[in-house]
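The values are calculated or read from the model by the stated rules, or taken from the named source; none is laboratory data. Keep in mind it's a predicted model, so treat the numbers as computed, not measured. Cβ placement follows ideal geometry from the backbone for every residue including glycine, while neighbour counts extend to all protein chains displayed. Ligands, DNA and RNA are stripped out before the accessible areas are found, and what is left, the full protein with its side chains, is counted by its heavy atoms. Shrake-Rupley method; radii C 1.70, N 1.55, O 1.52, S 1.80 Å.
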Amino acid sequence: MNDPHSAQLSIDLRTGRRTAINADISCAEQRSACIALNRIRTRGILEATQLASSGEPLSLDDRFAAIARLSRDRDVPLIPLDCLGIDHDEDGLRSSTLLTALPSGAEAIPYFDKEWGVVYKLFDLRVDGSLGKRLELVRLSEGEYDLLPRDATLKNTLEKLAVLNEAGAHPTEIVGLSHSGDYLIAKQPWAYPREDFETDRKIAVSEIRGIIPEFTGSGFRHTVVVMWLENRAWLVGDLHERNIMRDPDGTPTIIDALIGPVPPVALKELRWLREAVEDAQALRENRPAQQRPRFEDVDDDSL
């Protein structure tokens, strides 16, 4: 492999494929090495799924088989779940003889590999074609906005994993698909318990160059972060206590979140959002934030 990160890659002895998650290098180096792998594997998976959907309608099992076959042609890693010791019993319940099952979230089924200090996450491609969750900023009939969780597609979830990794969250590698084509597999270094939640979350948000708007006027029930990456503005949410931990270097980090792009209409209508996006872009580009007059600084004659 002749890309600039090839020296940072090793072989995952569970899957037999190249990996950027390596306890011998810093999390910043792991994150950097994941970027190239994630782009290559995302492109291959999306090409395979698009081709599998472009012909005659297929049953779910046939579609999975077609995705797996087309992915193999594009050198997307196809991982037999038994290499992770994962099996289904007759009732469809998963277990592993090699890894420790961790509590499942709304999106993924995680397994801890104690021997290598990593976590494998399995995202289940559902019957309706959804895979994971995303955020959507929705304009309500009353004219106000609310931030709602929605079912995500495979493309949405691949994008989320790659964006969070590149932004500066916990290193995350897109490993590939399960051999049967019905799971997306991701991988992260083992993360450690956080300390004070509010303090650690503030640091973890700063690691992704995120901005927490000072005033939203939106009635959002949870903390919302605005960040800028790849010439796009993103909303980041679901930053609850289980999603803030510390990486192996001891830095507070976001191990998972929900994201969604900032809609152009909302950007036009919401001043607080425009200002947060401007500040997030400046932060990402290492520029000083724009100085804006505060209400109390405005001359009475200007009101």
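Expressed in nm to one decimal, what extension gain is obtained for the pair residue 180 and residue 150 from 0.36 nm per residue of sequence separation less their Cα-Cα distance? Don't skip to the end; give the middle numbers.
Numbers: separation 30, 0.36 × 30 = 10.80 nm, distance 2.59 nm.
Full extension from residue 180 to residue 150 adds 8.2 nm.
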In degrees rounded to 10, the 0-90 angle between helix 154-167 Cα long axis and the longest Cα principal axis of the chain is 60
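Would you mind computing Rg(Cα) / (2.2 N^0.38 Å) for the range 117-209, counting N as its residues? Could the numbers behind the result be given before it?
Numbers: Rg = 16.0 Å, N = 93, 2.2 N^0.38 = 12.3 Å.
Here the Cα radius of gyration is 1.30 times the empirical estimate.
Residues of the range 27-118: accessible area per residue at 1.4 Å, in Å²? Mind showing how you got there, number by number?
Working: 5070 Å² over 92 residues.
Solvent-accessible surface per residue comes out at 55 Å².
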Treating the range 204-264 as a set of equal point scatterers at the Cα positions, no solvent, please give the Debye-formula log₁₀ I(q)/I(0) at q = 0.22 Å⁻¹.
-0.95
Lysines within cross-link reach of residue 121: Cα-Cα under 23 Å, excluding same-chain residues under 8 positions apart?
133, 155, 160, 187
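Quick check: convex hull of the Cα atoms in the chain, volume per residue, rounded to a whole Å³?
Roughly 164 Å³ of hull volume per residue.
Apply 1/(1 + (r/R0)^6) to the Cβ-Cβ distance of residue 69 and residue 115, taking R0 = 30 Å, and write down the FRET efficiency to the nearest 0.05. Present the calculation step by step, with values, prior to reporting the outcome.
Values: r = 32 Å, r/R0 = 1.07.
The formula returns an efficiency of 0.40 here.
Extension gain residue 199-residue 97, at 0.36 nm per residue separation less the Cα-Cα distance, in nm?
Contour length minus Cα-Cα distance gives 33.0 nm.
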Could you size up the charge dipole of the chain around its Cα centre, putting +1 on the beta carbon of Lys and Arg and -1 on that of Asp and Glu, and report it in debye to the nearest 20?
720
How much of the accessible area of the range 5-110, probe 1.4 Å, is carbon plus sulfur, in whole percent?
50
